[in-house]
Amino acid sequence: MEFAKVILNKGKEKSVQRNHPWIFSGAVYGVSEELTDGQMVNVTDTQGNHLATGFYSDKGSIAVRVLTFANETFDDSFWAKRFKAAWELRMKLFSIAETNAFRLIHGEGDGIPGLIIDYYNGHFVVQAHSTGIYFKMQEIADAIKTTFPEYCETVYCKSSQTLPKTGTDYHVYGSANDTVAKENNIQFHVNWVEGQKTGFFLDQRDNRNLLKKYSAGKKVLNTFCYTGGFSIYAMSAGAELVTSVDISEKAVKLADENMQLNFPGSNHQAVASDVFDYLKANKNLYDVIVLDPPAFAKNIKSKHTATQAYKRLNIAGLKTIGQGGFLFTFSCSQVIDDVLFYNTVSAAAIEAGRKVRVLHKLSQGPDHPVNMFHPEGSYLKGLVLYIEE
């Protein structure tokens, strides 16, 4: 299809030819006409050869997010085809009778950079991470409703967090604000209107499930608990005590509500507290500790500060946990890669004076796939540590 052109500097076409879906502003030689944020463009080399088509952005370093490297027609069938393929993959990953909460579209990992779609028991929550995607919200919602008529009660656009100057939140279809969804037959209240991100952190599903293996008969501390995902999985394994800590009163209340939804009357403590203060005041009480903080680094400029924050947090966790304990520690900061995170936790163990073994290296769940040609899509990293002494 004919669109305005973004022309790349000589030699800069190589990353596109390797199917990387981002084109950085420094690679751009020129444009065929004045462009506006969110406009669809064709990308060419200096000889005029077509390389890709995607959405132009005048914000940040990524000038074009590539939708396709082929010549495709961008009608309703374009969205429907990708949504159907993504759904078919998820049906291979999950039994919807047991898990009806999952990520349907994970941006570049599902071939649509800038688009997130999470599914919660009949409700689709859509986030645009680029203006071009936001401008297509009605087409996206129409394709969802047409492709999944038996599963679609609500389509909710939640883009004000990701596009603060452009996006707004609104119901495209339906009017529901929340639901009860299942993950591995564990129930969770999900509120996409008031909750963080799309209402629930789906990427930790497999890691929550792994926690069960270490929780039977144990005292478990879940820090930065939000909706209590790790807490409820720990209790499902028969934990002796589970404590959920978050600085947000609203978060710990929701964590306790989710615990009572699944295990009423269980030995669960929901504590609104600064995590560092709580760790300092409760040494040697817990057998298993989960450190799952929000992203300390939002961009490359905050990388050093974030690294120091992760180190301080892990020192605090390592000083709190008893001998023979298990520490689950995570970072969801994209700019903190696996090696840096590992080295940071290692430095924390040295400073805390603990002898530590690594049992597992963890990542995001398979409904958050990583495009082979876009390694930047791997953002969640974690370690399970055994504290020998």
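So is SER95 over 30 Å from SER236 (Cβ atoms) and either in contact (Cβ under 8 Å) with a residue 60 or more places away in the chain or part of a loop (DSSP other than H, G, I, E, B) (or both) or not?
Against the criterion (over 30 Å from SER236 (Cβ atoms) and either in contact (Cβ under 8 Å) with a residue 60 or more places away in the chain or part of a loop (DSSP other than H, G, I, E, B) (or both)), SER95 does not qualify.
Hey, could you check the range 135-150 for residues that are outside any helix (DSSP H, G or I) and under 24 Å from the mean Cα position of the chain (by Cα) and say which is farthest from ASP118 (Cα to Cα)?
So, considering only residues that are outside any helix (DSSP H, G or I) and under 24 Å from the mean Cα position of the chain (by Cα), the one farthest from ASP118 (Cα to Cα) is LYS136.
Looking only at the range 286-305, filter to residues that are surrounded by fewer than 22 Cβ atoms within 10 Å (Cβ to Cβ) and outside any loop (DSSP other than H, G, I, E, B); which one of those is modelled with the lowest pLDDT?
The qualifying residue modelled with the lowest pLDDT is ILE300.
Can you tell me which residue is surrounded by the fewest Cβ atoms within 10 Å (Cβ to Cβ) among those in the range 239-254 that are within 17 Å of GLN196 (Cα to Cα) and of a type in the set (Asp, Glu)?
Result: GLU249.
How many of the residues making up the range 47-59 are part of a strand (DSSP E or B), without any contact (Cβ under 8 Å) to a residue 60 or more places away in the chain and not polar (S, T, N, Q)?
Of the residues in that region, 3 qualify.
Does LYS361 fit the bill of being part of a strand (DSSP E or B) and among the charged types (D, E, K, R)?
yes
State whether one or more residues within the range 26-42 are crowded, with 19+ Cβ neighbours inside 10 Å and aromatic (Phe, Trp, Tyr).
No: the range 26-42 contains no residue that is crowded, with 19+ Cβ neighbours inside 10 Å and aromatic (Phe, Trp, Tyr).
Quickly run through the range 375-389 and pick out the residues that are in a loop (DSSP other than H, G, I, E, B) and surrounded by fewer than 18 Cβ atoms within 10 Å (Cβ to Cβ).
Correct list: SER378, GLU388, GLU389.
Taking the residues in the range 63-87 that are farther than 14 Å from TRP22 by Cβ and basic (Lys, Arg) as candidates, determine which candidate is surrounded by the most Cβ atoms within 10 Å (Cβ to Cβ).
ARG82
Before we move on, is LEU285 within 27 Å of ALA216 (Cα to Cα) and among the hydrophobic types (A, V, I, L, M, F, W, C)?
yes
For ILE315, all conditions in the list (1) without any contact (Cβ under 8 Å) to a residue 24 or more places away in the chain; (2) surrounded by 15 or more Cβ atoms within 10 Å (Cβ to Cβ) hold save one; what is the number of the exception?
Exception for ILE315: condition (1).
Any chance you could count how many residues in the range 201-224 are closer than 23 Å to ASP367 by Cβ and part of a loop (DSSP other than H, G, I, E, B)?
Number satisfying all stated conditions: 3.
Going by the conditions given, is PRO369 surrounded by 14 or more Cβ atoms within 10 Å (Cβ to Cβ) and either under 30 Å from ILE105 (Cβ atoms) or in contact (Cβ under 8 Å) with a residue 60 or more places away in the chain (or both)?
Here the answer is yes, as PRO369 does meet what is asked.
Just need a number here: residues in the range 1-25 that are touching a His at 6+ places or on another chain (Cβ under 6 Å) and either surrounded by fewer than 13 Cβ atoms within 10 Å (Cβ to Cβ) or assigned by TED's automatic domain parsing to the domain that holds VAL370 (or both).
0
Specify which of the listed residues (ALA239, ALA270, ALA255) is in a strand (DSSP E or B), over 21 Å from LYS319 (Cα atoms) and assigned by TED's automatic domain parsing to the domain that holds LYS361.
ALA270
Surrounded by 20 or more Cβ atoms within 10 Å (Cβ to Cβ), touching a Ser or Thr at 6+ places or on another chain (Cβ under 9 Å), under 23 Å from PHE200 (Cα atoms) and of a type outside the set (A, V, I, L, M): is that true of ASN258 in this structure?
Criteria met by ASN258.
The values are calculated or read from the model by the stated rules, or taken from the named source; none is laboratory data. Since the structure is predicted, the reported quantities are computational estimates derived from the model, not experimental observations. FYI the Cβ positions are ideal-geometry reconstructions off the backbone, even for glycines, and counts take in every protein chain you see.
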